[in-house]
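K.L.:
First the structure, then my questions, so here it is.
Just so it is clear, none of the values below were taken in a lab; they were calculated from the coordinates. Treat the numbers as computed from the prediction; the structure is a model and nothing was measured. When we count neighbours, we look across all protein chains shown, and the Cβ atoms used for this are built from the backbone with ideal geometry, even at glycine.
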Amino acid sequence: MRSLLLYTLLYTIVMELMLVAAVLYWPDFEQNVDALRLLAPIKSVKDIVQEIEQEGVIPYITSQQFFKGGNTLGTAAAVLFAVGAVAGEAHRGTLELLLARPYSRLRILSERWLFGAVCCCLPVFLTSATIPWMGSWIDEDFDIVPLMLCSVHESLFLLAVYGAAFFCSTIGSNPTRIALVLLFVSTFQFAIYFIEVVTKWSLYRLADLKDFTKIYEDYALDWTVCGPLVAAIVLSFTASYLAFRRRLP
Amino acid sequence: MLARSGQIRVEGLTRRFRGPQGGVVAVQPFDLTVGPGGVTGILGPNGSGKSTLLRMILGLVPPGAGATSVDGMPLTGDGLTIRERVAYAPGELAVYGELTGKAHLRWLTAGRRRGTLARAIELADELGLPLRRRVRGYSHGMKRQLLLAAALAPQVPVRILDEPTEGLDPSKRAQIVDLLARDAARGTTILLSSHHLGEVDRVCDRILFMRAGRLIDEEEARSLFRRARRVTRLTLAQPADATTIEHLEGLGAEEVSSDGPRLRFVLPEATHRATLAAILADESLPAPQALSFGDASLEEIYRTLYGSEGI
């Protein structure tokens with residue numbers, strides 16, 4: 001648990017540093033956005049730059065914080081925080097100690113799930129909350145409410161990834177192998193986001209720049225995307241519990 | 001029948017694990033009642049199903065068939081009702097190395113009644129454990145004692161201890177055996193598995209033998225134990241020859257075997273004192289150099305019970 005807290009602190013610091021760099025780069029980006037759009041090698045990136053060109057700093061900052069920071073660093077953190085929950089205990093041989101305590105398996109699993117989930121999502125909210133303050137460095141105003149709604153959307157996406165990784169942890173015993181496989185899958189998914197013909201198959205479409213821009217427009221979550229994410233989270237937790245209930249020490 | 005406090009009942013418990021060539025039966029169906037009170041030891045070679053049986057009683061391994069109960073509370077669901085009544089020390093020595101001894105005891109005793117941690121710390125101090133040190137710096141024996149301190153602290157009617165003295169030096173082993181005897185004197189039911197015949201003999205008032213997931217007849221095991229107590233080893237000043245062996249048999253010794261000057265024989269049950277006195281007093285035998293009595297090893301008993309395989 002203590003090591004998880006340290007990793008969470010590290011994850012928060014790296015996200016914040018990435019955000020600081022992005023905010024400080026905004027004036028240069030704004031000045032050269034025309035050239036950057038022309039230089040964009042693939043259509044998906046071109047679309048992002050075009051949206052920033054039209055809408056200004058909001059899509060820029062949401063793409064930096066949520067699409068870039070959250071979807072890359074957050075996904076890696078979600079996988080790494082989840083795999084140790086049960087498989088890590090089995091790997092180090094402490095699963096029997098954990099299961100022998102006078103707690104129900106549902107409680108043991110829920111505590112682990114919740115702790116990891118908080119570690120996974122809290123940095124997204126904390127770093128997003130600093131954006132309005134950083135806005136003063138570049139003479140821009142950021143409304144906190146849509147930023148928090150974007151954080152909720154991003155967190156639901158990360159929790160869906162976390163839930164899948166957590167399920168793998170409840171059925172496996174080698175956390176390193178599970179993490180490598182899942183990180184390979186997530187990298188593959190991120191890669192196909194940028195390939196036009198298959199981009200619709202990328203899971204990163206569920207936390208797309210368009211979703212965050214829409215939140216700014218509507219001042220509300222888009223439940224056509226968030227609903228399935230919530231369902232995936234509930235389903236993965238249920239599957240994890242069913243597997244954990246039969247788990248041998 | 002109403003179960004009394006600290007009674008473990010096992011009825012037709014079975015567990016089969018998947019193996020490379022189909023199913024491997026870890027525990028065959030058998031019935032067993034342990035307690036209330038007393039110390040019961042389970043002995044058996046590796047893979048005989050001892051740990052699986054203990055884990056099934058706790059609900060850590062779901063039984064394939066059959067039922068277990070503690071104090072009349074049946075094992076249902078994930079076995080929480082059982083684990084609330086039973087403290088357990090696992091045989092596997094896996095610990096959280098990053099925690100200090102005290103933090104580890106706090107973690108191990110979480111969910112128990114108030115005062116459990118204080119008792120665990122008291123026991124750990126009695127065993128001389130450095131609780132401020134991180135557990136990763138503990139020796140094998142110290143880790144074992146830490147787990148035992150946590151398992152002996154809760155005020156529960158039943159304790160299940162898997163190999164509680166494995167890896168401990170003889171003085172620590174004796175200290176643990178004393179702690180178990182004190183605990184049993186307070187009325188706690190203790191069920192343990194062990195490989196140390198001496199400690200089992202000293203602390204257990206009932207001994208069960210398991211082989212290939214089956215419980216061996218208790219009467220047969222008792223008679224083997226009685227016989228083990230009559231095994232004698234005598235070292236003579238000169239190597240023993242056939243005449244010496246015949247002479248010993250003439251004095252009443254049974255199953256005499258020799259290895260140079262070292263002799264091993266079993267004294268007859270009814271006249272063991274007189275026979276031993278006669279052997280020692282017989283001046284026609286070479287002078288005795290060393291004598292040990294009643295210390296048949298567990299391996300010897302296993303060999304008698306199970307043959308040479310599976311020891």
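K.L.:
Show which lysines lie in cross-link reach of A:LYS46 when reach means a straight Cα distance below 26 angstrom and same-chain residues fewer than eight apart are skipped.
P.N.:
Within reach: A:LYS68, A:LYS200, A:LYS210, A:LYS214.
K.L.:
So how many Å³ per residue does the convex hull of the Cα atoms of segment A:136-247 work out to?
P.N.:
Numbers: hull volume 16.1 nm³, N = 112.
In segment A:136-247, the Cα convex hull volume per residue is 144 Å³.
K.L.:
Averaged across orientations, what area in nm² does the convex hull of the alpha carbons in segment B:142-192 project?
P.N.:
3.1 nm²
K.L.:
Can you give the FRET efficiency to the nearest 0.05 for A:GLU16 and A:ARG177, using r as the Cβ-Cβ distance and R₀ = 45 Å?
P.N.:
Values: r = 31 Å, r/R0 = 0.70.
The formula returns an efficiency of 0.90 here.
K.L.:
Moving on to the next point. Could you state the per residue volume, in Å³, of the convex hull enclosing the Cα atoms of segment A:1-144?
P.N.:
Per residue, the Cα convex hull of segment A:1-144 comes to 134 Å³.
K.L.:
Sticking with this one: How big is Rg to Rh over segment B:230-295, alpha-carbon atoms, Rh as the Kirkwood inverse-mean-distance radius?
P.N.:
Taking Rh as the inverse mean 1/r over Cα pairs, Rg/Rh reads 0.90.
K.L.:
Any chance you could check the Cα centroid distance between segment A:61-116 and segment A:119-172 for me, in angstrom?
P.N.:
Using only Cα atoms, the two centres lie 17 Å from each other.
K.L.:
Here is a further query. Can you give the average number of partner chain beta-carbon atoms within 10 Å of each beta-carbon in peptide B:60-67, as a whole number?
P.N.:
2
K.L.:
If you don't mind, there's one more thing I want to ask. Quick one: compute the contact order of segment B:230-295, relative version, from alpha carbon pairs under 8 angstrom and 6+ residues apart, as a percent.
P.N.:
48 percent.
K.L.:
Something else about it: Return the inverse of the average 1/r over all pairs of distinct C-alpha atoms in chain A, which is the Kirkwood hydrodynamic radius, in Å to one decimal.
P.N.:
19.1 Å
K.L.:
With θ set to phi - 60° and the Karplus curve 6.51 cos²θ - 1.76 cosθ + 1.60, what are the ³J(HN,Hα) couplings of segment A:214-223 in order, to the nearest whole Hz, using x for Gly and Pro?
P.N.:
Karplus values, whole Hz, x for Gly and Pro: 5, 4, 4, 6, 8, 6, 7, 6, 8, 6.
K.L.:
Something else: Apply the Karplus parameterisation 6.51 cos²θ - 1.76 cosθ + 1.60, with θ equal to phi minus 60°, to every residue of segment B:203-217 and state each ³J(HN,Hα) to the nearest whole Hz, in sequence, with x for glycine and proline.
P.N.:
Once rounded to whole Hz, the list reads 9, 8, 9, 8, 10, 10, 10, 10, 9, 6, x, 10, 8, 7, 3.
K.L.:
Under a crude label model (7 Å from the Cα following the beta-carbon direction), how far is A:VAL230 from B:ALA65 in nanometres?
P.N.:
4.7 nm
K.L.:
Another question about this same structure. Starting from the amide H of B:ARG113, placed 1.01 Å from N in the peptide plane, find each other amide H under 5 Å away whose residue is 5 or more places distant or on another chain.
P.N.:
Under 5 Å from the amide H of B:ARG113 lie the amide H atoms of B:GLN155, each far enough along the sequence or on another chain.
K.L.:
Cα convex hull of chain B: mean projected area in nm², to one decimal?
P.N.:
Details: hull surface 78.5 nm².
Its average projected convex-hull area is 19.6 nm².
K.L.:
Continuing with the same structure: Arrange the following residues from fewest to most other Cβ atoms within 10 Å of their Cβ: A:CYS120, A:CYS226, B:CYS204.
P.N.:
A:CYS226, B:CYS204, A:CYS120
K.L.:
In addition: Taking chain A as the reference, fit the longest principal axis to its C-alpha atoms, fit the long axis of helix A:144-171 to the helix C-alpha atoms, and give the angle between the two in degrees, 0 to 90, nearest 10.
P.N.:
Its long axis makes an angle of about 30 degrees.
K.L.:
Using the per-residue mean of other Cβ atoms lying within 10 Å as a proxy for protection, in what order, highest first, do the peptides B:243-255, A:86-98 fall?
P.N.:
Top to bottom by mean Cβ count within 10 Å: A:86-98, B:243-255.
K.L.:
Considering Cα pairs under 8 angstrom that are at least six residues apart, work out the relative contact order of chain B and quote it in whole percent.
P.N.:
Taking the mean separation of contacting Cα pairs over the length of chain B, I get 19 percent.
K.L.:
Kirkwood Rh over Cα pairs of the protein assembly as shown into Stokes-Einstein at 25 °C, 0.890 mPa s: D in µm²/s?
P.N.:
87 µm²/s
K.L.:
Now, a different point. Relative to the longest principal axis of the C-alpha atoms of chain A, give the angle of the C-alpha long axis of helix A:2-31, reported between 0 and 90° and rounded to the nearest 10°.
P.N.:
Taking Cα atoms only, the helix is inclined about 10 degrees.
K.L.:
Kindly provide the Kirkwood hydrodynamic radius of segment B:41-166 in Å, to one decimal, from all pairs of distinct alpha carbon atoms.
P.N.:
The Cα-based Kirkwood calculation yields 15.3 Å.
K.L.:
Within 10 Å of each residue's Cβ, count the other Cβ atoms and sort A:MET18, B:MET142 from fewest upward. Working shown, then result.
P.N.:
Values: A:MET18 17, B:MET142 22.
By the 10 Å Cβ count, ascending: A:MET18, B:MET142.
K.L.:
Where the centre of each part is set by its Cα atoms, how far does segment B:189-239 sit from segment A:196-230, in angstrom?
P.N.:
70 Å
K.L.:
Further question on the same structure: Percent relative contact order of chain A, based on C-alpha pairs within less than 8 angstrom and at least six residues apart?
P.N.:
After rounding, I find 28 percent.
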